[in-house]
Structure formats: C-alpha cells, structure tokens
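**Student:** One structure, pasted below without further comment.
Only the coordinates and a few stated rules stand behind these numbers; no lab work does. Treat the numbers as computed from the prediction; the structure is a model and nothing was measured. Note that each Cβ is placed from the backbone with ideal geometry, even for glycine, and that neighbours are counted across all protein chains shown.
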Amino acid sequence: MEWWQILLYILAILALIWLGLLAVDISSLLSFKAKLEKRTVAFSILFVEKKDILLTIYAMFDEKKVEFSSSLNKAAAQVRWMKLETLKGDEIENNVFLLNDFEKRLALVGHKYPLFEGNKDYEIYWATIQDLNANYRRNVANYNSEVLGYEYWRRFIVYRPLVYLFGFREKKRLN
C-alpha cells in the first residue's frame, strides 16, 4: 500500500467515527427535546388545575358579595384568559407570575374576610393549591435538569453549527 492510501483509510475511519458521534449527539438532543415537551405539558396541567381552583375560590367570595379591589378583578380577568396550551419558557414564567399574584390577592381577601373559617371545601381548595405549588417546584427542578442535558449535547463544539442548522436552539432554565 502506498502512503496516500493509508492516509485515505485513516481519514475515512475518522469521518465514520465523526458521523457516528454526530448520530449519538442528534439522538440525545431529540431525546431531551421530547422530555422537555412532556415537562411543558405537565406545566399546562398544573396551571389548568390551579386556575380552576383559584377561580372557584374567587366565585365563593363573589357569592358572599365580598367587595373586590379593581386590581383583584383585573388579576381574575387575566387568569381567566390565560393561554395554557403549548407553553414556552417565557410563557411558563408569565403564567406562574399571574397565578401566584392572583393566589396572594385571594389569600389577602380570605384573611380580611374570614367568611369560610371551618368550611371544609375552602380548606381543601387551599390545601390543593399548596400541593400544586409543591408539584410545580418539583416540575421546575426536573425541567431544569432536562435543560442542562439538552444544552450539554447541543454545545458540543464539533457539532454546534450543525445542530443549530438542524433547529436545536438554546433553551433557558426556569427560575
């Protein structure tokens, strides 16, 4: 064999190794992307449940003819018309802000007007909200760990331009 044939064999082997590692990289990225999409569906479910419970508590106060501030009515309207399908990172954080703001305002109304002390339904609603908040925090931790894995595979220096061309964009962690 001549030297250039040996060189071509070595280059062919290196190219095959490079393509194999690219396949592993793309496969890992697709896996993490699918996991992130499942996590966003979990966020949607949590938000729908929390929204329904908060609006139910709001309706309970409304039935008792409690006077609401205009900011509480505005918060209720924002929560009522929130977009909860196909969420992205910024939308998740915005929805969390709206729901938590509405939750705090309702809690203040509950302390100002203790109309439902001893009411089992009212206590169950608030206990459920606390459970949903705990589930949200667990889901954020899982989402952020999936983002770290996704970003690890996306940032391989040898494949970075290719994965960008394939549509794998940067994902941000949630706070």
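**Student:** With charges only on Cβ, +1 for K and R and -1 for D and E, what is the dipole size of the chain about its Cα centre, in debye, rounded to 20?
**Tutor:** Details: 25 positive and 21 negative charges, 51 e Å.
Dipole magnitude for the chain comes out near 240 debye.
**Student:** For the stretch 3-165, what is the relative contact order in percent, using Cα pairs closer than 8 Å and at least 6 residues apart in sequence? Spell out each step's value before the answer.
**Tutor:** Values: 78 pairs, mean separation 64.3, N = 163.
Relative contact order comes out at 39 percent.
**Student:** Would you please give the residues with an amide H less than 5 Å from that of Arg173, counting only those at least 5 places away or on a separate chain, with H modeled from the backbone geometry?
**Tutor:** Distant-sequence amide H within range of Arg173: zero hits.
**Student:** Assuming 1.306 mPa s and 10 °C, estimate D for the stretch 46-95 with Stokes-Einstein, Rh taken as the Kirkwood radius over Cα pairs, in µm²/s. Each step should come with its number before you reach the end.
**Tutor:** Values: Rh = 11.9 Å.
For these conditions, the coefficient is 133 µm²/s.
**Student:** Kindly put Phe166, Phe43 in sequence by how many other C-beta atoms sit within 10 Å of each C-beta, fewest to most. Mind dumping the intermediate values first?
**Tutor:** Details: Phe166 12, Phe43 21.
By the 10 Å Cβ count, ascending: Phe166, Phe43.
**Student:** Using a 7 Å offset from the Cα along the Cα-to-Cβ direction at both Glu85 and Ile6, what is the distance between the two label points in nm, to one decimal?
**Tutor:** With each label placed 7 Å out from Cα toward Cβ, I get 6.5 nm.
**Student:** From the cross-link list Lys51/Lys112; Lys83/Lys120; Lys65/Lys120; Lys64/Lys104; Lys64/Lys88; Lys35/Lys83, which pairs have alpha carbons spaced over 26 Å apart?
**Tutor:** Values: Lys51/Lys112 22 Å; Lys83/Lys120 31 Å; Lys65/Lys120 20 Å; Lys64/Lys104 19 Å; Lys64/Lys88 38 Å; Lys35/Lys83 21 Å.
Flagged as over cut-off: Lys83/Lys120; Lys64/Lys88.
**Student:** If I build a Gaussian network model for the chain, linking alpha-carbon pairs within less than 10 angstrom, which residue out of Ile13, Ile92, Ile26 has the largest mean-square fluctuation?
**Tutor:** Of Ile13, Ile92, Ile26, the most mobile in the Gaussian network model is Ile13.
**Student:** Please report, in whole Å, how far the alpha carbons of the chain spread along each principal axis, starting with the longest.
**Tutor:** Extents along the principal axes: 94, 28, 20 Å.
**Student:** Excluding Ile26 itself, what net charge comes from residues whose Cβ is under 13 Å from its Cβ, given Lys and Arg +1 and Asp and Glu -1? Mind showing how you got there, number by number?
**Tutor:** Values: positive: Lys33, Arg154, Arg160; negative: Asp25.
That works out to +2.
**Student:** Among Trp81, Trp126, Trp153, which one shows the highest mean-square fluctuation when the chain is modelled as a Gaussian network with alpha-carbon springs under 10 Å?
**Tutor:** So, out of Trp81, Trp126, Trp153, the one fluctuating most is Trp81.
**Student:** In the stretch 1-83, if every C-alpha pair distance is counted and binned at 10 Å from zero, what percent goes to each bin?
**Tutor:** Taking all Cα pairs of the stretch 1-83, the binned fractions are 14, 22, 14, 12, 11, 9, 8, 6, 3, 0 percent.
**Student:** Another question, if that's okay. Let me check the size of the stretch 62-129 from its C-alpha atoms; what are the radius of gyration and Dmax in Å?
**Tutor:** Looking at the stretch 62-129, its Cα Rg and Dmax stand at 13.7, 40 Å.
**Student:** Something else: Using the C-alpha atoms of the stretch 72-174, what convex hull volume per residue, in cubic angstrom, is computed? Present the calculation step by step, with values, prior to reporting the outcome.
**Tutor:** Details: hull volume 11.2 nm³, N = 103.
Dividing the Cα hull volume of the stretch 72-174 by its residue count gives 108 Å³.
**Student:** Under 10 Å, Cα contacts only: if you run a Gaussian network model on the chain, which one of Ala134, Ala77, Ala12 comes out with the highest mean-square fluctuation?
**Tutor:** Taking springs between Cα atoms under 10 Å, the residue moving most is Ala12.
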